[in-house]
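The structure under discussion appears below in the form of structure tokens.
Where a number appears in this text, it was derived from the coordinates with a stated rule and is not lab data. Because the structure is predicted, anything quoted here is derived from the model rather than measured. Here the Cβ positions follow ideal geometry from the backbone for every residue, glycine too, while neighbour counts run over all protein chains shown.
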Amino acid sequence: MNREELNKELNTNKTNAPRQPKPLRRLKRVDERPRTTVVLNEYRGLHESPSIDISIGDEDERPKRAPEQQTYHGLHEKSGAKRPAGENKSGSKRKKSRKDILVKITSVVLSIAAIITLCLNMPILWYKKSGQPDERVSILTYFKRWQPTVEIEGELEVPTMELNVDTEIVNEEFTDGLDLPQLVEGQYTVLFLGFDEDVENTDVIWICQFDIAAAKLHILQIPRDSSMLYYTSNPTTKMNSVYAWGDPEVSNIQRVVNCVQECFGIPIDAYITTACFDIRNIVDLIGGIPMHLDNEIIYEADKIIPAGDVTLKGEEAEWFVRFRHEWLQGDIGRVQNQRRFMQAAMKKLLAIVKDEGRLKLYSYLNTIYKNKWIATNMSVDDLSKLADFGSTLEMDNVSVDMVPGEDAEYIAADGVTYSIYSIHKRATIDKLNENFRPYQYPMLLSDSNIVEFVDEANYSYDLYDDMETNFEELEHATEPLRNPDMKPWWKED
């Protein structure tokens, strides 16, 4: 079309009806360079990270991706969608392993234990003891110092006797390794008293000295008929009456302790008392005491212990330690027989520790404390330590002896004659220096308040001056000699 034809057509269109313009074609720009598209996201806060989607190449050539849901994250939070607890990346639930559970349980237990330990060691309780200032202690310390039965007999007074400690042995560096409230380092001495059924006379009197430094135990038996002229107002003057008839200015237990310390020169650290009916309960608690009896023992007509290998029950144990009617030597025979019971009882305790463990022994001690079958000024901690020490002793390192002396007669002020046991003073002092004063200087005759009723030059016999033995030998010991004239009438030939 030339210019004239074009003008002609334009003029024609001006006169005719208006004509709709043709739509413009969308031209596609041809550009060989890669195109970058910036996708602007919605507004975000100051601490939010913008999400920028940068695409390279043609839009049609990019893979299609569904837009991600954007959520707000704090300053210290990591961006990204949070999965539910226990769900892994694939969206399935993750199974907890046994190890994970064990770790969590252990962590909880250890946390609880730490809290309990902290509470037990916090000084939150007031501890009061006569003669000592009050102090604030932890629950654990309070329990260790607890004396559940001390109110029965009371505390002991500080001894006025001269200890005469051998400073060449017990110096500043000397220690026995056992933290006990001791009067003399290296040893711990317990006075054991056994009452009759009236809880008045002490028919069993033992001095038990634990030589801790040497890993030994020495036991000294004092016959109940021993004369203690200056320590009882009872006309018999017998040792078993000191508890009830002694110095009225001090407690009953202190009367016996003073007598022992001033006559035998042995410092007493603690005491244990028990009655004959409590012995029944204690023996039954531990399951009886196995023993071998050479002959049957007839305590009374209806109270008989058969011969042979037996396990003494509570009431039979009481009959056994109190029986003396048929012994040729009377009360001395009973003292000898009590040694056999003592050895068998210690063997049973060692068996408990070996077969059932120390915790079982501690549970027995707790039951004895709880029922007040004994009275003692020892704390729970002291008794536990002593039990631990005793359970490690060898049987041949446990010796038992008796105070030397002989039978005699004493005419009281009222003219009545009493049969007593007159102590041989020199032989007794020698025995004490040999076995019962390992960390003290030797004792002199003038240091003792023992009164003899038979002059040394007129001794009738010295049968009882050397009766020392150890528990290993006692295991095979036989019963004391019997008096055939003392058999029950129904057994006479």
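Details
- Cross-linked pairs Lys303/Lys372; Lys238/Lys425; Lys216/Lys370: Cα-Cα separations exceed 19 Å for Lys303/Lys372; Lys216/Lys370.
- Rounded to the nearest 5, the antiparallel percentage of DSSP beta bridges internal to region 150-491 is 75%.
- Segment Leu463-Asp284, extension gain: residue separation times 0.36 nm, minus the distance between their alpha carbons: 60.8 nm
- The ranking of Ser227, Ser241, Ser251 by Cβ neighbour count inside 10 Å, starting from the fewest, reads Ser251, Ser241, Ser227.
- For region 407-415, the Karplus equation 6.51 cos²θ - 1.76 cosθ + 1.60, evaluated at θ = phi - 60°, returns couplings of 5, 8, 10, 10, 9, 6, 5, 7, x Hz by residue, with Gly and Pro reported as x.
- Relative contact order [Cα under 8 Å, 6+ residues apart], region 232-350, whole percent: 17
- Protection proxy ranking, peptides 431-438, 472-479, average beta carbon neighbours within 10 Å, highest first: 431-438, 472-479
- Surrounding net charge for Leu293, when Lys and Arg each add one and Asp and Glu each subtract one, Cβ distance under 12 Å: -4
- Local charge for Lys313 was computed over the other residues whose Cβ lies under 10 Å away, with Lys and Arg +1 and Asp and Glu -1, and equals -3.
- Likely footprinting exposure, Ile105, Ile207, fewest C-beta neighbours within 10 Å first: Ile105, Ile207
- For region 150-491, the extents of the C-alpha atoms along the principal axes are 66, 55, 36 Å, listed from largest to smallest.
- Net charge contributed by nearby residues that have their C-beta within less than 10 Å of Gly186 (K/R +1, D/E -1): -4
- Simple label model, 7 Å out from Cα along Cβ direction - Phe174 to Lys354, nm: 3.4
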